[in-house]
Amino acid sequence: MCKYFYSLIAVGISLFANGQNAAPKIIKADTVSNRFLPTGLRIGIDAISLIRSKDNSFKGWEVNFDTDFSRYYFTVDYGYWATNQLLGNGRYTNAGNYFRVGADVNFLLKDPEKNMFFIGMRYGVSAFNESVEYKNTPLYPPFGPNQYALSNGSLSGHWLEVTSGLRIRIVSSFWMGMTARLKFAPSVSGAGKLSPYDMPGYGIVEEAPYWGFNYQLFWRFGWRETPNLREKK
């Protein structure tokens, strides 16, 4: 996962350099307040979640939203996550929903195509349930195997993320993007005898920091031009 993150940074730096060289002459916005009015909304889906859902061990989806305030983007993600993992002597399952809210800073502000290389922060919240069933076989017969089941019916958790990635305009209103996530500070409440294992939206609770990666497809709905990107006549 680290190599994807470093590749992402390298591509972003390259786009940043090209954007600075190719940028047209800029006319400043008439007012500062007008410059910070949103110009459109992007709605996207995570392709990796859909691909992973073809496997019986995972089912899920994620939708993404962002809107611009000059070089700052307000973001919201919402998703569903369910796992079904075989253990050596049993099975672990969980299911739940999650959302993230946060902001990104775009370092390609002068790019006329509005491409993005960004760094941001997220706050994630998850609500889920989980259970584990396992079999314990005694060492000495004639006693048969014992079946055990533990569950957490209503868990809530949260975490923080540092993000970085790209948003590239492919054609017209269709965009593609990549987001690398460094997740940390997970916390889960509401657990019983079963120690929380896998939190939807985050991953393995005991692993912190924890890496995540999304490959996203976006459609942008714009309602006005970006004032500081108008070419000088």
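The values are calculated or read from the model by the stated rules, or taken from the named source; none is laboratory data. Source: prediction; values computed, not measured. Cβ coordinates were reconstructed from backbone atoms using ideal geometry, including for glycine residues, and neighbour counts include every protein chain displayed.
Numbers at a glance
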read-out: Scope region 57-73; condition under 16 Å from L217 (Cβ atoms) and touching an Asp or Glu at 6+ places or on another chain (Cβ under 6 Å); matching residues; value: E62, N64
read-out: Exclusive hit being buried (at least 19 other Cβ atoms within 10 Å of the Cβ), part of a strand (DSSP E or B), out of contact with any helix residue (DSSP H, G or I) (no Cβ under 6 Å at 6 or more places or on another chain) and of a type outside the set (V, I, T), set F74, F128, F99, F117; value: F128
read-out: Members of region 156-187 that are in contact (Cβ under 8 Å) with a residue 40 or more places away in the chain and over 19 Å from D46 (Cβ atoms); value: G157
read-out: Residue match in region 196-206 (condition: assigned to a loop (DSSP other than H, G, I, E, B) and among the acidic types (D, E)); value: yes
read-out: Qualifying positions in region 78-118 - of a type in the set (D, E) and in contact with a Phe, Trp or Tyr (Cβ under 6 Å, 6 or more places away or on another chain); value: D104
read-out: Residue check for M121: more than 28 Å from S187 (Cβ to Cβ), of a type in the set (A, V, I, L, M, F, W, C) and touching a strand residue (DSSP E or B) at 6+ places or on another chain (Cβ under 8 Å); value: no
read-out: Which numbered condition A149 fails, given (1) in contact (Cβ under 8 Å) with a residue 24 or more places away in the chain; (2) under 25 Å from Y80 (Cβ atoms); (3) surrounded by fewer than 13 Cβ atoms within 10 Å (Cβ to Cβ); (4) not polar (S, T, N, Q); value: (1)
read-out: Candidate set from region 33-54 (those that are among the β-branched types (V, I, T) and within 13 Å of the chain's Cα centre (by Cα)); member that is nearest to F65 (Cα to Cα); value: I45
read-out: Pairs with Cβ under 9 Å, 6+ apart, first in region 25-54 and at positive phi and in a helix (DSSP H, G or I), second modelled with pLDDT under 65 and among the aromatic types (F, W, Y); value: none
